[in-house]
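The numbers here are math on the coordinates, done by the rules we state, and not lab data. It should be emphasised that the depicted structure is a prediction, and the values quoted were computed from it without experimental measurement. Quick reminder, even Gly has a Cβ in these numbers, built from the backbone with ideal geometry, and neighbours come from all protein chains shown.
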Amino acid sequence: MLIWLYDSLYLSSTVVMNKEKHRELEASGWKIGSVDEFLELSQEETEFIELKLSLSQNLKERRQSLRLTQKDFARMIHSSQSRVAKMEAGDPAVSIDLLVKCPFVPDARGEPRLEKD
């Protein structure tokens, strides 16, 4: 029997389990571990996923702080609202280079757009 808990794949968020519950599960034959252990990810793979998720989260936070809708932001990057939603959700189909380039997309004046005017 296996039980795997969130770990570094979710921006280093760790699900904290009651120590007594942990002991009970192990005594019952369950194995407790992390997502990267379960998926047998290397340190590099884990760090890449964390970086991508961090960029996605940062993009969403910055867009919201500027009070831009996904649709408005999509227009700025010449894309669609659904693509922005995928970017913010950390969809694996979104390339990391797109997430890195987004803060540097110029507005109509040629200025980087993810700044407050």
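Would you tally the net charge around residue 30, using a Cβ to Cβ cut-off of less than 11 Å, leaving residue 30 out, and scoring K and R as +1, D and E as -1? Charge balance near residue 30 sits at +1.
With the Cα gyration tensor of the range 50-90 giving a ≥ b ≥ c as the square roots of its eigenvalues, does the rule (a/c under 1.5 for rounded; else a/b larger than b/c for prolate; else oblate) give rounded, prolate or oblate?
Note, shape of the range 50-90 comes out oblate.
Between residue 67 and residue 85, the contour length at 0.36 nm per residue exceeds the Cα-Cα span by 5.0 nm.
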